[in-house]
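Contents: one structure, followed by commentary.
The values are calculated or read from the model by the stated rules, or taken from the named source; none is laboratory data. Only a predicted model underlies this, so the values are computations on that prediction, with no experimental measurement involved. Backbone-built Cβ (ideal geometry, glycine too); neighbour counts: all protein chains shown. Note: accessible area is taken over every heavy atom of the protein model, side chains too, but ligands, DNA and RNA are not part of it. Shrake-Rupley method; radii C 1.70, N 1.55, O 1.52, S 1.80 Å.
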Amino acid sequence: MRIDILTIFPQMFPPVMGEGMIRIAQENGLVEIKYHDLRDYTTDKHRSVDDRPFGGGPGMVMMCGPIFRAVEAIEAQSPVPARRVLLTPQGQALKQALVREIAKEQRLLLICGRYEGFDERIRIGLEPLEISIGDYVLSGGEIPAMVVVDAVVRLIPGVTGHPDSPVKESFSEERLLEYPQYTRPVEFRGMPVPEILRSGDHAKIAEWQKEQAKIRTARRRPDLLS
Ligand code: ADE
């Protein structure tokens, strides 16, 4: 998979993309991540990417010109067509099902906005998938883009060590939260590991885990059960 990120803050990305699973995935050639500075596609001496809104109102609007030029230039770098994604609080809510969907793509182009929003013709002309990472407003699409990359990369085959691990956890097909887990020591500050987990009875353990997952889901996310 190739992921292109278009932003006015490309320097925000390498510290995050250069650690952990995302770093290993790149080193193993499973994903290639490229950053593009939107200001490289401006035409005026101030390298402007935004302007005042027609009709008045507060804030600034991301202009069409730099974004269209950038998208066309970036897409031309490879013959593989890119799924265009706009990060915006007006987008479709990011859920694990949507992550699974976009993780199937060979190429993603993530477009990060700043300011009050995008000129509507960016939506009309580029027909991007619009994604929101939650019902709150951030100062830009960069952190949401990092969230999307992290969620997607760990689903690329070969990225996680254990083939089971991305499927068996919270928000998998089963829509149950993860069951409680324990590791050594057997007792910590008076809190023991449940006896059943040390019994060696795998059928009983699986039953307990399922039950615990249901209890936890009912307590924390009853909406997932309805
Ligand atoms: N840009 C600003 N806020 C955002 C959000 N919640 N999700 C995606 N992009 C955003």
Residue match in the stretch 42-59 (condition: within 16 Å of the ligand (Cβ to nearest atom), out of contact with any Lys or Arg (no Cβ under 7 Å at 6 or more places or on another chain), among the small types (Gly, Ala, Ser) and closer than 21 Å to residue 142 by Cβ):
yes
Could you please find all residues in the stretch 41-76 being under 25 Å from the mean Cα position of the chain (by Cα) and surrounded by fewer than 14 Cβ atoms within 10 Å (Cβ to Cβ)?
72, 73, 76
Check the stretch 17-29 and report whether any residue there is within 20 Å of the chain's Cα centre (by Cα), at pLDDT 95 or above and among the β-branched types (Val, Ile, Thr).
yes
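Hey, can you tell me all the residues within the stretch 178-194 that are open to solvent by 80 Å² or more (accessible area, probe 1.4 Å) and either under 34 Å from the mean Cα position of the chain (by Cα) or within 25 Å of residue 225 (Cβ to Cβ) (or both)?
Kept after step one, since they are open to solvent by 80 Å² or more (accessible area, probe 1.4 Å), are these residues of the stretch 178-194: 181-184, 187-189, 191-192.
Of everything in the stretch 178-194, those that are open to solvent by 80 Å² or more (accessible area, probe 1.4 Å) and either under 34 Å from the mean Cα position of the chain (by Cα) or within 25 Å of residue 225 (Cβ to Cβ) (or both) turn out to be 181, 182, 183, 184.
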Filter the stretch 116-127 down to the residues that are within 12 Å of the ligand (Cβ to nearest atom) and either open to solvent by 40 Å² or more (accessible area, probe 1.4 Å) or outside any strand (DSSP E or B) (or both) and list them by number.
116
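When the residues of the stretch 77-95 are filtered to those that are open to solvent by 40 Å² or more (accessible area, probe 1.4 Å), over 28 Å from residue 135 (Cβ atoms) and not hydrophobic (A, V, I, L, M, F, W, C), which remaining residue is farthest from the ligand (Cβ to nearest atom)?
Initial filter on the stretch 77-95 (open to solvent by 40 Å² or more (accessible area, probe 1.4 Å)): 77, 79-81, 83-84, 89-90, 92-93, 95.
Now drop any that are not over 28 Å from residue 135 (Cβ atoms), which leaves 77, 79-81.
Retained after the next criterion (residues that are not hydrophobic (A, V, I, L, M, F, W, C)): 77, 79, 81.
On the way: 77: 25, 79: 29, 81: 23 Å.
That would be 79.
State whether the residues of the stretch 143-156 include one that is over 30 Å from the mean Cα position of the chain (by Cα) and at pLDDT 95 or above.
Step one: of the stretch 143-156, the residues over 30 Å from the mean Cα position of the chain (by Cα) are none.
For the stretch 143-156, residues over 30 Å from the mean Cα position of the chain (by Cα) and at pLDDT 95 or above: absent.
Mind listing whichever residues of the stretch 18-40 are in contact (Cβ under 8 Å) with a residue 12 or more places away in the chain, surrounded by 12 or more Cβ atoms within 10 Å (Cβ to Cβ) and farther than 28 Å from residue 65 by Cβ? Steps first, answer last, please.
Initially, the stretch 18-40 is screened for residues in contact (Cβ under 8 Å) with a residue 12 or more places away in the chain, giving 21-22, 24-25, 28, 30-40.
Now restrict to residues that are surrounded by 12 or more Cβ atoms within 10 Å (Cβ to Cβ): 21-22, 24-25, 30-40.
The answer is 21, 22, 24, 25, 30, 31.
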Just checking, does the stretch 143-152 include any residue being open to solvent by 80 Å² or more (accessible area, probe 1.4 Å) and near the ligand (Cβ under 9 Å from one of its atoms)?
yes
Within the stretch 99-115, can you find the residues that are farther than 15 Å from residue 81 by Cα, within 15 Å of the ligand (Cβ to nearest atom) and not in a strand (DSSP E or B)?
99, 113, 114, 115
